[in-house]
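Asker: This is the structure, below, for whatever I ask next.
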Amino acid sequence: MSRRSSGRGRRTKDTLAPLPKGGLRVVPLGGLGEIGRNMTVFEHEGRLMIVDCGVLFPEEHQPGVDVILPDFTWIRDRLDKIDAIVLTHGHEDHIGGVPYLLRERADIPVVGSRLTLAFLEAKLKEHRITPKTVEVKEGDRRTLGAFDCEFIAVNHSIPDGLAVAIRTEAGLVLHTGDFKMDQFPLDGRVTDLRAFARLGEEGVDLFLSDSTNAEVPGFTISEGELSPAIDTVFRTTKGRVIVSSFASHVHRIQQVLDTAHEHGRKVAFVGRSMVRNMGIASELGYLNIPQGLVVDLRKLENLPADKIALICTGSQGEPLAALSRMANRDHPIEVTEGDTVLLASSLIPGNENAIYRVINELTRWGANVVHKGNAKVHVSGHASAGELSYCYNIIKPRNVLPVHGEWRHLRANADIAIRTGVDPRNALIAEDGSVIDLVRGKVSITGKVSAGMVYVDGGRVGGATEETLHIRRTLAEEGVLTIVCIVDPDSGKLTEDPDYMVHGLATDTIDFTDATSAIQQALFKASKDGVDDLDQIEELVRKATSTWVHRKHRRSPLIIPVIVDA
């Protein structure tokens, strides 16, 4: 997964060439070269429109980070020019960044489907933001400032997904959002290929297409094909069934509820986001819960194990989610022999180690763990190569910009477009921050803006940097060595041996005698060279000690020198 610099970035907008009159500028600020953080900015006639604003979840090498945001630097001084934020669907990697953008301008209209806006509004309550929302549905056409937008139904792993067709003087752009072409969806809402074909007849000048499954041949199987595997779990398990899924995966949870009801098990939702989202989905009619099926967790205590099913969060091994806490014996629910844990989700790239760690711990406590690797318990929400080629053939776009995927996914998507007849020169492989201009039917990359990682750390936006994370990794992997040196300010010499305070190193194997000599030499050199700045002296001591520790013990701890005048 691509990783770029963190923080708020430097200003690069002023270096861009002016957008030609009547042109459309497209700037992806996230979602290219990575799975998550999806955000694309469209500019026309001096006005801006944003499609999606999501988050990326941290990997193990980013300790202490809560989520990762797109970099808003390029639009920060033009927030008043934003006509709307259009949301394609309600997954975190598409809506999770909206609260942080609305902190900077709270009255930006947010446009989306009913369920998407409901999930967002619940999230915004936690941020104490009341949004200005515009609800749309498939078939609607709205003018959003300088942009004429038409909304098209697409099928995904969450209900109410929408593609958006954007019309401007520069031409017609079609952005799919995340989609697949399930011909037998549980809610009967298929991807509207007739609308795609109609737009193709009109002439699609730029096609932004989901790339996540572009390397997978054929067609993504239907959600309904999971039913036999889910039924087998409920039918054969003698103890409790514990299902872990994304808190927004309404279709998958509907299947679990139906199967639990069929086998006479009561169900409880576990995890704050799961309880919240399923409550919303039920209230709006997207989730059908049989009367009396779902009960409070405490009411399950008096039921036999074979009458209990739990649906919880934590399918990606998130350390604070319910399933991870169960695995670590840090949750009121204790997994025991006879229980079956069903991981009804995909493995997001970068989460594999955390997920397998949870699987191993659950197995240790006696559970039978059923997951994508040993049973058909997950189908993707993204179009595979066959579906993408089908779309290219009916739309016949003039230009293509693959989005939503790692580099290999973007390349595979572009290759499919070329095989269906798109001119190779018109199939762009871009990266976050690339500036793509559509002018008179032609697209070209004309520049680049800041699009680094912005870390949210304990509620602080942009507080953590790559340097901060490097220090955290060093502390975790190498330990820390603090050195207190009492120095004669006149001679620059140590008045006594330094105090060495070590954490995370095996101190019984370290003799610091030679380190003291190295420090004394560094202080002597500083005195000889006339260096009297305390920061410079401490840096010399740090380097001398670092070199000594690495040569003698092959370790690279974080070294903190403290110089005190005698």
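Asker: Going by alpha carbons, how many degrees (0 to 90, nearest 10) lie between the helix axis of 250-262 and the longest principal axis of the chain?
Answerer: On a 0 to 90 degree scale, this one is about 70.
Asker: Report the Stokes-Einstein translational diffusion coefficient (µm² s⁻¹, integer) for region 412-485, Rh taken as the Kirkwood radius over Cα pairs, at 4 °C with viscosity 1.567 mPa s.
Answerer: It diffuses with D of about 77 µm²/s by this estimate.
Asker: Give me the dipole magnitude in Debye, nearest 20, for the chain about the Cα centre, with unit charges on the beta carbon: positive for Lys and Arg, negative for Asp and Glu.
Answerer: I would put it at about 1220 debye.
Asker: For region 203-247, what log10 I(q)/I(0) values come out of the Debye formula at q = 0.16, 0.17, 0.22, 0.27 1/Å, with one point per alpha carbon and no solvent?
Answerer: -0.73, -0.77, -0.95, -1.06
Asker: Sort region 122-253 into rounded, prolate or oblate with this rule: let a ≥ b ≥ c be the square roots of the eigenvalues of the Cα gyration tensor; rounded if a/c is under 1.5, and if a/c is not under 1.5, prolate when a/b is larger than b/c, oblate otherwise.
Answerer: Here region 122-253 falls in the oblate category.
Asker: For the chain, with all protein chains present and a 1.4 Å probe, just round the carbon and sulfur fraction of the accessible area to a whole percent.
Answerer: Whole-percent figure for carbon plus sulfur exposure: 49.
Asker: Please quote Rg/Rh for region 313-388 to two decimal places, taking the Kirkwood radius as Rh and restricting both calculations to Cα atoms.
Answerer: A ratio of 1.03.
Asker: About its Cα centre, how strong a charge dipole does region 404-556 have in debye, to the nearest 20, once Lys and Arg get +1 and Asp and Glu get -1 at the Cβ?
Answerer: Charge dipole, region 404-556, about its Cα centre: 1180 debye, nearest 20.
Asker: Using the charge dipole of region 413-547 (Lys, Arg: +1 at Cβ; Asp, Glu: -1 at Cβ; taken about the Cα centre), state which of M501, T547, S491 has its Cα farthest towards the positive end.
Answerer: Comparing the listed Cα positions along the dipole, T547 ranks first.
Asker: Roughly how large, in nm² to one decimal, is the mean projection of the convex hull of the alpha-carbon atoms in region 406-455?
Answerer: Projected area, direction-averaged: 4.3 nm².
Asker: Cross-link list K123/K266; K307/K376; K238/K299; K81/K137; K307/K372; K132/K396: which exceed 30 angstrom alpha carbon to alpha carbon?
Answerer: With Cα atoms farther than 30 Å apart: K132/K396.
Asker: Rounded to the nearest 500, what is the chain's calculated 222 nm mean residue ellipticity when only DSSP H runs of at least 4 contribute -39500 (n - 2.57) each, over all residues?
Answerer: It lands at -8500 deg cm²/dmol.
Asker: Still on this structure, please answer the following. Net charge near Y392, counting Lys/Arg +1 and Asp/Glu -1 over other residues with Cβ under 14 Å of its Cβ?
Answerer: Spelling it out: positives minus negatives among the neighbours equals -1.
Asker: Right, next: Suppose we look only past 47 Å in the calculated P(r) of the chain. What percent of the Cα-Cα pairs does that tail hold?
Answerer: Distances greater than 47 Å cover 25 percent of the Cα pairs.
Asker: Now, a different point. Projected onto the charge dipole of the chain (+1 at Lys/Arg Cβ, -1 at Asp/Glu Cβ, origin at the Cα centre), which of L69, C53, I510 gives the Cα projection farthest towards the positive end?
Answerer: Most positive-ward Cα: C53.
Asker: Tell me, how many Å apart are the Cα centres for region 325-381 and for region 54-121?
Answerer: That distance is 30 Å.
Asker: Quick one: if you take sqrt(5λ) for each eigenvalue of the C-alpha gyration tensor of region 291-337, what semi-axes come out, biggest first, whole angstrom?
Answerer: 21, 13, 9
Asker: Among 168-176, 41-49, how do they line up by average Cβ neighbours within 10 Å per residue, starting with the highest?
Answerer: 168-176, 41-49
Asker: Could I ask something else about it? Near P332, within a Cβ-to-Cβ distance under 11 Å, what is the net charge of the other residues, with Lys and Arg +1 and Asp and Glu -1?
Answerer: Here the count lands on 0.
Asker: Sort V190, V422 from largest to smallest accessible area, using a 1.4 Å probe on the heavy atoms of the protein chains.
Answerer: From most accessible down to least: V190, V422.
Asker: Scale the Cα Rg of region 110-186 by the rule-of-thumb value 2.2 N^0.38 Å and send over the ratio, two decimals.
Answerer: 1.21
Asker: Something else: How large is the Kirkwood hydrodynamic radius of region 226-380, counting all unique pairs of alpha carbons, in Å?
Answerer: It works out to 15.2 Å.
Asker: Follow-up. Report, in debye and to the nearest 20, how large the dipole of region 425-512 comes out about its Cα centre when Lys and Arg carry +1 and Asp and Glu carry -1 on their Cβ.
Answerer: Roughly 1220 debye, rounded to the nearest 20.
Asker: Among I436, L475, T465, flag the residue with its Cα farthest along the positive direction of the charge dipole of region 424-487, charges on Cβ as +1 for Lys/Arg and -1 for Asp/Glu.
Answerer: Sorting the options by dipole projection puts first I436.
Asker: Could I ask something else about it? Mind running the shape call on region 337-479? Use the C-alpha gyration tensor, a ≥ b ≥ c as the square roots of the eigenvalues: rounded below 1.5 for a/c, prolate if a/b tops b/c, oblate otherwise.
Answerer: The shape class here is oblate.
Asker: Further question on the same structure: Only bridges whose two residues both fall in the chain count here: according to DSSP, what percent of them are antiparallel, nearest 5?
Answerer: Rounded to the nearest five, the antiparallel share is 50 percent.
The values are calculated or read from the model by the stated rules, or taken from the named source; none is laboratory data. From a predicted model like this one, the values you see are computed outputs, not experimental measurements. Note that we place each Cβ from the backbone using ideal geometry, even for glycine, and neighbour counts take in every protein chain shown. We work out accessible area using only protein heavy atoms, side chains counted, and drop any ligands, DNA or RNA first. Shrake-Rupley method; radii C 1.70, N 1.55, O 1.52, S 1.80 Å.
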